[in-house]
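Working notes, structure below.
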Amino acid sequence: MEPVSTALIAAGAAAGAQDTVSRSIGDLYAGLKALVLRKCGATQALPEALEHLEQKPTSTGWREEVQTALAQTGAATDPEVIAAAERLLADLRSSEDGRAHVQTIIGRYNAQAGPGATATVRVTGRD
């Protein structure tokens, strides 16, 4: 996968889980997204695909839509866009371990822990 798709997909997925995005990553993602949309035009399929990817970051279909739209518009080969994508990827790699960590918790008696940590739930006094 070329750097523009990689950056938009990785940061877009993290943007969908706002609590996990540092301010610098969020700013770089917003800048790259705006640059790509300016270069390819808002009438293309890319704006919708990015919005859906932010809502459903694990969707393989929307990731493929983003890649296809980038290839069709030529944004993926634009030197200015590539430079912005590489800055974003460098920032993503330098944050913690370079991955966005998203956890979904449903129900009661839940615990969550970050990378390299553990969490325990102990329920006592229950019949």
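Here are the numbers for the structure shown:
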{"quantity": "Extreme residue, farthest from Q72 (Cα to Cα), among residues of the range 26-61 that are buried (at least 21 other Cβ atoms within 10 Å of the Cβ) and either touching an Asp or Glu at 6+ places or on another chain (Cβ under 7 Å) or among the β-branched types (V, I, T) (or both)", "calculated": "L28"}
{"quantity": "Among the residues listed as T58, T68, the single one being part of a helix (DSSP H, G or I), hydroxyl-bearing (S, T, Y) and touching a helix residue (DSSP H, G or I) at 6+ places or on another chain (Cβ under 9 Å)", "calculated": "T68"}
{"quantity": "Only one of E2, E80, E64 that is modelled with pLDDT of 70 or more and surrounded by 13 or more Cβ atoms within 10 Å (Cβ to Cβ)", "calculated": "E64"}
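The values are calculated or read from the model by the stated rules, or taken from the named source; none is laboratory data. As the structure is a prediction and not an experimental result, all values here were calculated from the model. Here Cβ is always computed from backbone atoms with ideal geometry, including for glycine, and neighbour counts include all displayed protein chains.
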